[in-house]
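A short worksheet on the structure shown next.
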Amino acid sequence: MFVDETGDAFGDPKRGKKQQMGRVVAVAVPEPRPEGLALLPTDWHACRFEDDERDSSLDGLLAFPVGILGLTSADVGGGQDGWATLIQRTVLLTAAALPVSHDGPPATIAFYVEQRGETLPSLQTLGIASIQTVLVSIDPAYAKVSMTLKVIAKGKNVDLGYPDLVAHTWAAASRESATRLKRSSLRGTCLHSANVFSAPLWDLAFASSHEPGAAWLEALARQRTNWNGLDRLLLGLVRRRVCNNAALWQQLLAGLGTYSDSKAVDSGVFSDACRFLGDSRPSGMVLPPQVELGFLLAQVAQGNHVGATSDEGLAALQALAKRRRGSNIQLSCEADLVCAVRHTNAFRFHDAETMLEGWEQDLPGLPLQWRGRWHSQRGQVHAFRGEHAAARDSFACALRLFDQLDEPERSRERAHSGTYAMIAATDDTTLSAAALRDIIDAGAGLVPMALAPQSLARIAASTGPSTQYVHHAVVRYLATRGETSDVGHYLSERARWATRSHHPWPLIDAWRFILLSKVGRQAFRDAGPILDRAIETCRKAGHEGVLGLIAETLAGVRKLTRLGAGPDPARLDELARSLPTAEARIALLRDLTGGAASTPQALLEAVLPFNFR
């Protein structure tokens, strides 16, 4: 671990205008050293080199399996030891982020910290022994780790140039450094800017917390609105600590009990908390029935998000939901709704409808939010069956109910069902072109005037989670029923198109491919890599069920367009076993010759359910 700093204000909230905020960067290099990772000269300093040299050095570093972490002085209180405290926190967090094995051989971590100024602080100031004590409280496996820390004079270590380079890139004000930093994708994932640090979450991960339940629930609530990479890292460390600390687990459970008894319960936060406690419970700990219900519900919901189709967990969830219906009707209703989603994932539309019918008589007694969710789920079942008018009526009813909610629930629920309504409207050929365009232009309330040129430009280049589903609905519309001028505005931003490695981005890429296939032969050929990327994203480990079906359908598109290999026969056999009710759809992928599914768009429409295409 090589640690360096930049800036001259460490922990002093009254720093002058000419002072630069202190930043500390750690670069972790595995031993043995990766072959090909260059040794920088001992006197290497980024400020002495031109930008092309800095660019090539950073690209060279990021090409290897190294770790990078950066914190700022905004994370440390004032005082003379601000630098040492920030170094200590960086060392602690970097070591805690490493994958330490319980069963493997003892690990060795050596920290080399470049001195600041002319003074070499004592090792006692940095406290490596106390750091290791804290690490052991997170995970006993750290007791087997040998840790050393040395403060090195400038120019005495060949690898201290790497954190110097990263710190310079992070802090420098030049346009070239800003471009280098953006291209590296380090900001917000590895380098954490000022004012994002969560002090209560830090205390929960590494020290004592007077109210651990409140700090934990606050972090879970924050991850749903204003999350960042540092929060995510710290919460992961809290999870590790809780797994090894039954007393802390019980404190969090008590905090959740207090929260659930209050009048201001966010169902999403409650679900996340139940899943956290279920996933991190120490040996011998038992979840209360209500939390167990929330835990099982969260597990099934997470599987639904990646297209799971198996019945695993459904019976236990439905049985517990039935028993708890009298004491917690909202949670029981939500449990049955996620079970209905699992049935639709598996093309068991009749089973999904049966689940919904079981709540029809109790709808008047449910809160607005759950009544809206019921109607939204009903709309999805109609849409899966091709009953477009009925689907649109159900979504409209859901949206009217959601309009009566307070924020942030109103926007969150409207965004979900509004996007489904956009997709269902696109499939409804009885809608006039003008009426459909108005629905798409509304952008589910998330992107008003979504078809305006400036909005299309923003959508085309965005990878943000808040607009990704609207993005899917918009590009799907453009590729199937969009007006020429709107299509042109979206295509004009092709150079800025970005993507992510999860759903719904493979579908966005698939519709981009179809858009380009209608432009001209050269654009169509150049779009091949976009389709290849979408297929590989869906085939990656952890994607099953419907996402697996998406992968092989897109491979069918690739074969139809003579750009590469078609569906994998072994994967089709596996899909046939896991999706027996989709046998006729899978048969279309086995034989791509002729018929109604002889074009890319026709194949997508014939094989994939409405919201998964």
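The values are calculated or read from the model by the stated rules, or taken from the named source; none is laboratory data. Bear in mind the structure is a predicted one, so any value in this text is a computation, not a measurement. All Cβ positions, glycine included, derive from the backbone under ideal geometry; neighbour counts span all protein chains shown. Accessible surface areas use protein heavy atoms only, side chains included; no ligands, DNA or RNA. Shrake-Rupley method; radii C 1.70, N 1.55, O 1.52, S 1.80 Å.
Whether a residue is touching a residue at least 40 places away in the same chain (Cβ under 8 Å), open to solvent by less than 30 Å² (accessible area, probe 1.4 Å) and either out of contact with any Lys or Arg (no Cβ under 8 Å at 6 or more places or on another chain) or over 17 Å from Asp139 (Cβ atoms) (or both) was assessed, and Leu237 passes this test.
The one condition from (1) open to solvent by less than 60 Å² (accessible area, probe 1.4 Å); (2) closer than 25 Å to Trp497 by Cα; (3) at pLDDT 90 or above that Arg585 does not meet is (2).
Restricting attention to segment 372-431, the residues being of a type in the set (Asp, Glu), in a helix (DSSP H, G or I) and either closer than 20 Å to Arg476 by Cα or open to solvent by 20 Å² or more (accessible area, probe 1.4 Å) (or both) number 3. Selection of segment 108-121 for residues being surrounded by 10 or more Cβ atoms within 10 Å (Cβ to Cβ) and modelled with pLDDT under 65 yields Leu120, Pro121. With the requirement that a residue be of a type in the set (Ser, Thr, Tyr) and either in contact (Cβ under 8 Å) with a residue 60 or more places away in the chain or crowded, with 17+ Cβ neighbours inside 10 Å (or both), what does segment 319-342 give you? Hit for segment 319-342 is Ser332, nothing else. Look through segment 497-542, keep the residues that are part of a helix (DSSP H, G or I) and of a type in the set (Gly, Ala, Ser), and return whichever of them is nearest to the chain's Cα centre (by Cα). Going through the qualifying residues, I end up with Ala534.
So which residues in segment 18-74 are among the polar types (S, T, N, Q), within 20 Å of Gln115 (Cβ to Cβ) and open to solvent by 20 Å² or more (accessible area, probe 1.4 Å), if there are any at all?
If the condition is that a residue be among the polar types (S, T, N, Q), within 20 Å of Gln115 (Cβ to Cβ) and open to solvent by 20 Å² or more (accessible area, probe 1.4 Å), then Gln19, Gln20, Thr42 are the ones that fit.
Scanning segment 564-580 turns up at least one residue that is modelled with pLDDT of 90 or more and at positive phi.
For segment 298-318, a tally of residues being in a helix (DSSP H, G or I), small (Gly, Ala, Ser) and either surrounded by fewer than 17 Cβ atoms within 10 Å (Cβ to Cβ) or at positive phi (or both) returns 2. Looking only at residues of segment 184-212 that are open to solvent by 30 Å² or more (accessible area, probe 1.4 Å) and touching an Asp or Glu at 6+ places or on another chain (Cβ under 7 Å), we find that the one that is modelled with the lowest pLDDT is Phe197. Screening the candidates Ala576, Ala555 for the property of being surrounded by fewer than 18 Cβ atoms within 10 Å (Cβ to Cβ), more than 23 Å from Tyr477 (Cβ to Cβ) and among the aliphatic types (A, V, I, L, M) yields one hit, Ala576.
Taking the criterion of being in contact (Cβ under 8 Å) with a residue 40 or more places away in the chain, on the phi < 0 side of the Ramachandran plot and assigned to a loop (DSSP other than H, G, I, E, B), would at least one residue in segment 258-268 satisfy it? Within segment 258-268, one or more residues are in contact (Cβ under 8 Å) with a residue 40 or more places away in the chain, on the phi < 0 side of the Ramachandran plot and assigned to a loop (DSSP other than H, G, I, E, B). Here Leu233 meets each of (1) in a loop (DSSP other than H, G, I, E, B); (2) within 16 Å of Gly188 (Cα to Cα) with one exception, condition (1). Are any residues in segment 334-366 farther than 17 Å from Phe395 by Cα and part of a loop (DSSP other than H, G, I, E, B), and if so, which ones? Across segment 334-366, the qualifying residues are Ala346, Phe347, Arg348, Gly358, Trp359, Gln361, Asp362, Leu366.
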